[in-house]
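Worksheet: one structure, shown below.
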Amino acid sequence: MGRAFEYRKATKLKRWGNMARTFTRIGKQIAIAVKAGGPDPENNPQLRAIIANAKRENMPKDNVERAIKNAMGKDQKDYKEMNYEGYGPFGIAVFVETATDNTTRTVANVRSVFNKFGGSLGTSGSLDFLFTHHSMFTFAKKEDVDMDELILELIDFGVEDDFDEDAESGEITIYGDPKSFSQIQKYLEENGFEVKESVFTRIPNDLKELNEEQRATIEKMIERLEEDEDVQNVYHNMKME
């Protein structure tokens, strides 16, 4: 899974854009999580994970609490999670995750960006063979833990037997079945692991190499997509420099 680690590390700095958009996106995630599992983080693992991620992104506690309160209000917008898939220029696959209260607006905006850069929006599921959907957990390594034994403990939750270790930070990243997100998170928490990040992600199964000018065009397209407040994440299969 070294390729997955390098891909994540290369794209992480451009993931969110400015702080205001980051908080807007997290607010939508909170609204969706509260609607699905209730406002109590103790009984809602997905909400608990989002709150932890919000803290890592320096989102003020007041903002988080306000988002949870608003999510329970009668006037809260009904956000839907919609995915859009297609090809950008140079044959680069682009997978866009959104959270929107107006799918007509969102698909029009996404299609406009694809068209502007000479790409084309495809049908749902058309890129399933190019990306693998994971639940991903990054946590501080414990000196007394044997990673092989830990993976054996988690294998029933669909955790892969390969993992990434960041030599600089000493953090471990594991990848598991998205359907087992709550069980994996619960296991790590109950066994005293300091979870730094717990998210869903998509890792490309194969990376396509471009020249510097072509990479700049794709990066501009991704940046344009991420400027849309409905867009949560953008994944691609371009090999980073």
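Every number here is computed from the coordinates shown, using simple stated rules; none is lab data. Since we're looking at a predicted model, the values are computed, not measured. Note: ideal-geometry Cβ built from the backbone for every residue, glycine included; neighbour counts use all protein chains shown.
For the reader, a short list of remarks on this structure follows.
- Residues of type lysines that residue 69 reaches as a straight line, Cα spacing below 26 Å, ignoring anything fewer than 8 places off in the same chain: 28, 35, 55, 61, 77, 80, 186, 196
- Inter-label distance, nm, simple model (7 Å from Cα along the C-beta direction), residue 76/residue 196: 3.1 nm
- Karplus-derived 3J(HN,Hα), 6.51/-1.76/1.60, for each residue of the range 184-189, Hz, glycine and proline x: 5, 4, 4, 4, 4, 5
- Packing-based ranking, highest mean first, of 207-219, 131-143, 229-241, 149-161 given that Cβ atoms within 10 Å are counted: 229-241, 131-143, 149-161, 207-219
- Positive end of the dipole of the chain (Cβ unit charges, origin at the Cα centre): among 218, 46, 139, the Cα lying farthest that way belongs to 218.
- Positive-end residue of 195, 152, 178, charge dipole of the range 131-204 with Cβ unit charges: 178
- Charging the Cβ of each Asp and Glu at -1 and of each Lys and Arg at +1, and nothing else, the dipole of the chain about its Cα centre rounds to 1460 debye.
- Of all DSSP-defined beta bridges confined to the chain, some 95% are antiparallel rather than parallel.
- Derived scalar couplings ³J(HN,Hα) [the range 50-59; Karplus, 6.51 cos²θ - 1.76 cosθ + 1.60; whole Hz; x for Gly, Pro]: 5, 5, 5, 5, 4, 4, 5, 8, 6, 6
- A helix-only calculation puts the chain at -13000 deg cm²/dmol for mean residue ellipticity at 222 nm, using -39500 (n - 2.57) for each DSSP H run of at least four residues, averaged over all residues.
- For the range 131-204, a simple Cβ point-charge model (Lys and Arg +1, Asp and Glu -1, everything else neutral) yields a dipole of about 520 debye relative to the Cα centre.
- Label-zone membership for the range 189-207, site residue 36, 7 angstrom Cα→C-beta point, backbone N under 16 Å: 198-202
- Overall form of the range 197-241 per C-alpha gyration tensor (a/c, 1.5; a/b vs b/c): oblate
- Value of Rg to Rh for the range 42-89, rounded to two decimals, is 1.11; Kirkwood radius and Rg both from alpha-carbon coordinates.
- Among 56, 224, the ranking by other beta carbons within 10 Å of each residue's beta carbon, starting with the fewest, stands as 56, 224.
- The length gained by stretching the chain between residue 217 and residue 24 to full extension, at 0.36 nm per residue less their Cα-Cα distance, is 66.9 nm.
- Listed options for Cα extents along the principal axes in Å are (1) 46, 40, 35; (2) 52, 46, 29; (3) 49, 36, 35. The value calculated from this structure is the one marked (2).
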